[in-house]
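Here's the structure we're looking at; comments come further down.
The values are calculated or read from the model by the stated rules, or taken from the named source; none is laboratory data. As the structure is a prediction and not an experimental result, all values here were calculated from the model. No Cβ is skipped: glycine too gets one built from the backbone with ideal geometry, and neighbour counts run over all protein chains shown. Remember, those area values only see protein heavy atoms, side chains included, never the ligands or the DNA or RNA. Shrake-Rupley method; radii C 1.70, N 1.55, O 1.52, S 1.80 Å.
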Amino acid sequence: MPERTPARVWIRTIPLLIGTAFKADAIGTVLVLLLAPVAGAIAAVTAIGLQQIVNAAAAADLTGMLAAAALLAGTVVVGNFTGTITADLRIRLQQRVGMLLDQRIVTMCAGLPHLDHHEHPPYQDKLELLRTHRNWLGSAFGALVENVRAIVAFSATLALLMSLRPQFLLLLFLALPMVVAARRSEKIIAQTEEMTAAPTRLRRGLFGLAVGLDAAKELRVYGLRQEIAARHRELREEIDGHRRWMEIRTAIWTASGWLIFGCGVAAALYVIGTAALRGQATPGDVILTLAMCGQLTGSVSGLIQMFTWMQQAVRAVGHYLWLADHATTRMSGEPAEAVPPVAGGDVVLDQVSFGYPDAARPVLQNVSLRLPAGKTVAIVGENGAGKTTLVKLLCRMYDPTEGRITYGGADLGSFGVEAWRTKVTACFQDYCRLEFLLVEAVGVGDLSRIDDEEAVRFALDQAGGGGLPDLLPRGLRTQLGATFPDGTDLSGGQWQKLALGRASMRGAPVLRVLDEPAANLDPAAEFEIFSRFQAAARETGDGAITVFVSHRFATVRTADLIVVLDEGTVKELGSHDELMAQDGLYATLYRLHAKGYQDAKPTWGEILDESAYESARP
C-alpha cells in the first residue's frame, strides 16, 4: 500500500476524532468545542483591562480605574472557570476516545480474516509503530481542542498588538519559521521512528524472552543471560544512536526558529518604547505591548507545543488509519450475504498451491485431493511436508496462491470467511492457554453455550479430560492460570485436553480439524482421542469431515483415508492396507516408526539417518 501523504492524514484525522468524541459523549464534545475558543480569547481581554487601569491611573480617573479593575477581575474569574471546565471535559473525552479507538484496534486486528500478514515483516513494523503510539490516540482529541484554544489565543493577542501598530502584523510572519521548524522536527522524529521500528520490535522480543516464563528454562540451562543482554544492549545502542542524531537536528531547527521570532519581539518593544518617548503612545499602550509581547511569546510557545502535540497525535492516527485501510482492503472480497455451508459435501482441492510472503518456494504445489463427507482423513508426512499449511488452508487462515478449494461444489470464498468458520472446529498443535474459568476455557468453543456445564463436561469427556474438573479446587468454576491470585496452573497435557474440549463443543460442524492435537500426550492417549473422534463421526452420521494430522502412524492407521504429503505434494493416497500394499513412502515410514517402539534399544539413529532413509524411499 503506498504511503499516505500528511495532508490526507490531517483531512481524515479531524472528522475521525470529532466523530469518535461525539459517539463517546455528544454533550461534552459540544461544550468543550465551544469553551476552548473562549478560554483562548480571555487572556487577551485581561490585557485590555490592564491597559485601561494604567491609562486611568495616568489620567487620575478613579471611575475608569474601578471599571477597568472590575473588567480585569471578571476576566480572571471567567478565564479560570472556563479553563478548569474545559480541561476537565477534555481529559474525560480523551480517555473515552482512547478507549473507543482501542476497542476498534482490537476488533480490526482480531477480525482480519487471514494470517498471512503475521508473516510479513513490513506489517509487523507498521503494527509496532501503532503499538508504540497507541497512547497518543486518546490524547489526539485533546491535542485538537488545545490547538483550537492556542490558535484563538494567538490570533486575539496579535489583533490587539495590531490595534496599536499595524506593522506588528510582521510578528505573524516572524512566527512562521518556528512553525516550519516544528514541522521539520516532527518529520525528523517520524523518520527516526520508522527507521528504528524493526530494531525496537526485536529489542522488545528479547526483553520478553528474558522476563517471560516460556523461555525461562532454556535460558538457564544454556546460560543465555549474557547473550540475550548483549544483543539487547546492541539494539539499544543502535536505536539510541539514531535518536541522539535526531535530537541534535531538531534542536538546531528549534533554536533557529526562536532566534528569528525573538528578534521580532525585541523590535516590537523598541518601536513602542520610542513612540512613547515621542509622546505618540500612552503608558497604557506600553504596558499593553509589554503584556501582549509576553503573551505572544507564550502563545507562540504554546502554539508550537500544541502543534507538535497535534502532529504526534496525527502521526499516531495515521498508523490507526493505515490499519483501518488494511482491514477494509482485506475484508473487501467477502460476499455481501454470507451463508454458512450445509453438512454433507465433499471438500475438493483443485491444483492448489500456496507460498508464504517472501518465501523462496511454495509450501504446497499443485495439490489435488478429495476429502469425502462423513469420513476420517489422516494427513501424514515428514516435518516441512506442508501438513499444517494444508490444514490452515482448509480453515481459511490463508487463501491458495493458485488453484481453488470447494465444498459441495461451491468455492469456499462464496461462503465468506466468518460463515465458513462457524461450521469448522479445530484443535491446533500451538493451542492457546486461555486463562479463564475452566468452564469458559472450554465453552468458548461454542460461545452460545459458554456457561453450559453439561455441554462442557461432555466435550471434556470426548477429549479424554472428563475427570479434570474433579481434580481442581472449584471444579468447572476454577480460575485457570498461575498469574491470577487464586488461579490454578495446569500441566501441558491438561491444557491440551482443554483445547481438544473446545474442539468438541461446536455441534454439527462440516469440518473437524485436529492438527497434532495430542503432542503433549502419550501415544496411547492420542490413539484413544483419535478413536473417540472417529467413533463420534461415525455415530452422528452428520456428514462432517474429520481431518487428523499426526506423526504417530499407529494412531492414524484406522482412518478412512490417509494422505501422505512429501515436499508439498500428495505422494500417496489410500487406506492403511492399500498404502502398505503399495510398499511406498508410507510403508517405509510406518515400519521405521514401528521399529522405534519394538526394539529393546530403539535405534533412533536409524530412524533419523538421512542416508538410510533415502535408500528406503521408493
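Taking a ≥ b ≥ c as the square roots of the eigenvalues of the alpha carbon gyration tensor, the range 333-423 is oblate, as a/c is not under 1.5 and a/b does not beat b/c. Ordered from largest to smallest accessible area (heavy atoms of protein chains, 1.4 Å probe), the residues D486, D411 come out as D486, D411.
Where both bridge residues fall in the range 427-558, DSSP classifies roughly 10% of the beta bridges as antiparallel. Between H114 and any residue 5 or more places off or on another chain, the built amide H atoms are never under 5 Å apart. Charge dipole of the range 454-575 (Cα centre as origin; +1 on each Lys and Arg Cβ, -1 on each Asp and Glu Cβ, all else neutral): 280 debye, rounded to the nearest 20. Annotation: lysines with alpha-carbon distance below 28 angstrom to K375 (same-chain offsets under eight excluded): K387, K392, K423, K497, K571. A straight Cα-to-Cα reach below 20 Å connects K126 with the lysines K187, residues fewer than 8 places away in its own chain not being considered.
For I562, the residues 5 or more places off, or on other chains, whose built amide H falls under 5 Å of its own are A378, G574, S575. Residues whose amide H comes within less than 5 Å of that of V547, counting only those at least five positions distant or on another chain, are V377, R512, V513, L514 (H built at 1.01 Å from N in the peptide plane). Placing +1 on the Cβ of every Lys and Arg and -1 on the Cβ of every Asp and Glu, with no other charges, gives the range 420-524 a dipole of roughly 320 debye about its Cα centre.
Ordering of 208-220, 386-398 by packing is 386-398, 208-220, highest average first (other Cβ atoms within 10 Å, averaged per residue). Highest average first, the peptides 256-264, 225-233 ordered by how many other beta carbon atoms sit within 10 Å of their residues are 256-264, 225-233. Ligands, DNA and RNA aside, M580 has an accessible area near 50 Å² when probed at 1.4 Å.
Apolar share of the accessible surface for the range 59-124: 70 percent from carbon plus sulfur atoms, 1.4 Å probe. Surface composition of the range 481-595: carbon plus sulfur atoms hold 50% of the accessible area, using a 1.4 angstrom probe and ignoring ligands, DNA and RNA. Ranking S575, S163 from most to least accessible surface, computed with a 1.4 Å probe over the protein chains only, gives S163, S575. Note on the range 426-514: dipole from Cβ charges, positive end direction compared against M505, T488, L434; the farthest Cα belongs to M505. Charge dipole (Cα centre; +1 on Lys/Arg Cβ, -1 on Asp/Glu Cβ; no other charges) of the range 362-469 amounts to roughly 520 debye. The stretch between M580 and D102 holds 166.5 nm of extra length on full extension. This uses 0.36 nm per residue minus the Cα-Cα distance. Under the simplified labelling scheme, the D522-D542 pair shows an inter-label distance of 3.2 nm, with each label point 7 Å from Cα along Cα→Cβ. Peptide packing for 80-89, 435-444 was compared via the average number of neighbouring C-beta atoms within 10 Å per residue; ordered from the highest value, the list is 435-444, 80-89.
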